[in-house]
Amino acid sequence: MTRLLKSAPSLAHDRVILDYDQRLMRRKLLTSAGGREFLVDLPSVTNLDDHWGFAVDGVNIEIVPAPEAVLVITGDLTRLAWHIGNRHTPCQIHPDRLIIREDHVLERMLEGLGATIRRESLPFKPEGGAYGHGRTMGHSHGDETEAARFGWHHHGDGQLHFHAPKGAK
């Protein structure tokens, strides 16, 4: 039996390394760094960033964010953060920099706004939703997202929009 842990137990036996997308799940077979396989079967889709890890048959397995391709952004952070947020893009906020996942469309836009950008490979843990939890609804560059299932899409310009089905009123 697998149970989610909100806080750190006194001992971690193993860890599972997951990127930002992988840390949003409902049901999945995971393999820890130590080779343990375990099934995660949650009642609903859950943001694992809100949890420390799993208790699996008496073994505590920590969730560790995997390094991934990100853009580290410096400049007029207030202005840049507004433009990133206006595009509903997950963003990790620090006093001296912003971090978003690598995105060539946003990179060009931010450079045009005067940002200095460097590419890195770092664990990505963005801010939660507007009410302190959850995830923002980002946009896609070809991957199917939750938004796409409801008719939201873009035409290669990176700007997410919606067309009502024909005949809808």
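The values are calculated or read from the model by the stated rules, or taken from the named source; none is laboratory data. Every value quoted in this text rests on a predicted model; they were computed, and no experiment measured them. Neighbour counts are summed over all protein chains in view; Cβ atoms, including those assigned to glycine, are modelled from backbone coordinates with ideal geometry. Protein only, heavy atoms only, side chains kept; ligands, DNA and RNA dropped before computing areas. Shrake-Rupley method; radii C 1.70, N 1.55, O 1.52, S 1.80 Å.
Test G85 against the stated conditions and say whether it is in contact with a His (Cβ under 9 Å, 6 or more places away or on another chain), small (G, A, S) and at pLDDT below 95. No. Annotation note: Cβ proximity below 6 Å between a residue of region 21-42 that is in contact (Cβ under 8 Å) with a residue 24 or more places away in the chain and a residue that is buried (at least 16 other Cβ atoms within 10 Å of the Cβ) and not in a strand (DSSP E or B) (sequence gap 6+ or interchain) occurs for R23/L48; R23/D49.
Considered as a group, the residues in region 64-110 that are of a type in the set (V, I, T) and either part of a loop (DSSP other than H, G, I, E, B) or open to solvent by 20 Å² or more (accessible area, probe 1.4 Å) (or both) include one that is farthest from A33 (Cα to Cα), and that residue is T78.
If the condition is being among the hydrophobic types (A, V, I, L, M, F, W, C), outside any strand (DSSP E or B), surrounded by 11 or more Cβ atoms within 10 Å (Cβ to Cβ) and over 14 Å from the mean Cα position of the chain (by Cα), then region 1-51 contributes A8, A12, A33.
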